[in-house]
Amino acid sequence: MAYCQIVENPDAGPEQFKQVKAHVQASGPFPPDGQQLLIAGPGEAAWRVISVWDSEETMERFYAERFPAACREAGVSLERMKRTVFEVDTLVAGDLTCAAQPA
């Protein structure tokens, strides 16, 4: 079963996201094992990152093993970060070739 996670951080923005992403890219496979989709952009009051994972286990392994170090390296605090996780019931995607791809 796939899982979706929404992370919102009022203390981060596009520059911090780029730094975290660069650290993740340098520390192992990118996208991380089990990650199917990554979307990032400004939310109402916080930077928002949405990801879809193969399983809850792969998602939690990434957030326990690789994500904290990437945040520390970028100076991003985990204190006010809000994570919302839910089981994916339906995922429909059209042609994603027009979407910006990670470098």
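Every read-out reported here was derived from the displayed coordinates using simple, explicitly stated rules and does not represent laboratory data. These numbers come from a predicted model, not from an experiment. Positions of Cβ are backbone-derived with ideal geometry, glycine not excepted, and every protein chain shown enters the neighbour counts.
Things to note:
- Remark: spin-label model distance Arg80-Lys18 equals 2.2 nm, labels positioned 7 Å along the Cα→Cβ axis.
- Across the range 6-14, computed HN-Hα scalar couplings (Karplus, 6.51 cos²θ - 1.76 cosθ + 1.60, θ = phi - 60°) run 10, 10, 10, 9, x, 9, 10, x, x Hz from first to last residue, x flagging Gly and Pro.
- Sum of side-chain charges, Glu79 neighbourhood, beta-carbon under 15 Å (Lys, Arg +1; Asp, Glu -1): +2
- Translational diffusion coefficient (Stokes-Einstein; Kirkwood radius from C-alpha pairs) of the range 3-87 at 25 °C, 0.890 mPa s, in µm²/s: 192
- Annotation for Arg61 and Asp33: the two label points, set 7 Å from Cα along the Cα-Cβ direction, are 0.4 nm apart.
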